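Scroll down for the structure; my scribbles are underneath it.
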Amino acid sequence: MRSKSDNPRLVRQPGRLISFSDAVFAIAVTLLVLEIQPPQDFAHLLRGLGALWPSYLAYALSFLLIGQVWVNHHVMFDRVRHVDREVLFLNTLLLMVIAFLPFSTSLLADALRAEQGLRVAVVVYGATLWTAAALFNIIWAHLRRAKLLDPDLGPFGIQAIGRRFALALVWIGSGILVGAFLPIAGVVIIAGFLPAYYLPIRGEYGEDTATDQRG
């Protein structure tokens, strides 16, 4: 018996979802820089620009994190044959979280500058990223369960990508817990998430690639 997702009359290609998602990612990274306001005192402009270092730091961190989400979003949806209503809804929730990140970034920068409320700001910032990571895992689990993935990916690739997504929950969650007590350390842990998740995932190109790498 075929599932609804296998019904050819209900097949939805992922192209529109990917295009819409790319647009939201682009808007989100653009909004990040709009949060950086130039200093008002032009008589001491250099000092004022230097005082904006928390905004520069938060901007760079968030830009790279959104870029990382965009990369892994492509890793996921490049292997999707078609999408159903559940995927459309879950992806919309993911984009809603990404669109919220400029606010979390501004909150983090302002708390760094004021040297007050930093614990709360780090927790809010980390929670935003953790929610995005949780939605990645939920979407991936649904794609597997509904058999919407490209069969050429193979079980090795499916498990490898799933492990990478699951690890993000632990990594970011650790940053949140540490950040609740040691805010700067929490930011460092979250920032350490960046280089690891820009690296390729072993097996993401399919079973043949994974076999070649093992051999």
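A short reminder: the numbers here are calculations on the coordinates, not readings from a lab. A quick note: this is a predicted structure, and the numbers were derived from the prediction, not measured. Reconstructed Cβ throughout: ideal geometry from the backbone, glycine too, with neighbour counts over all protein chains shown.
Could you work out the helix-only [θ] at 222 nm for the chain, with each DSSP H run of four or more residues adding -39,500 (n - 2.57) and the total divided by the number of residues, to the nearest 500 deg cm²/dmol? Working shown, then result.
On the way: 8 runs with 159 residues, N = 215.
Taken over the chain, the calculation gives -25500 deg cm²/dmol.
Would you mind telling me which residue in LEU45, LEU88, LEU199 has the biggest mean-square fluctuation in a Gaussian network model of the chain, where springs connect alpha carbons within a distance under 10 angstrom?
Looking only at LEU45, LEU88, LEU199, the largest GNM fluctuation is found for LEU45.
Evaluate E = 1/(1 + (r/R0)^6) for ALA180 and LEU52, where r is the Cβ-Cβ distance and R0 equals 22 Å; express this FRET efficiency to the nearest 0.05.
0.25
Once you put a point 7 Å from the Cα of ARG113 and another 7 Å from the Cα of VAL71, both along the Cβ direction, what distance in nm separates them?
3.0
For the chain, with a Gaussian network of springs between Cα atoms less than 10 Å apart, report the residue from LEU129, LEU46, LEU90 with the top mean-square fluctuation.
The residue with the greatest mean-square fluctuation here is LEU46.
Report Rg(Cα)/(2.2 N^0.38 Å) for the chain, keeping two decimals.
That works out to 1.16 for the chain.
Give the order of MET76, MET96 when sorted by the count of other beta carbons within 10 angstrom, beginning with the fewest.
Fewest-to-most Cβ neighbours within 10 Å comes out as MET96, MET76.
Find the Cα radius of gyration of region 12-76, compare it with 2.2 N^0.38 Å by division, and give the number to two decimals. Walk me through the intermediate numbers first.
Working: Rg = 16.5 Å, N = 65, 2.2 N^0.38 = 10.7 Å.
In units of the globular-protein estimate, region 12-76 measures up at 1.54.
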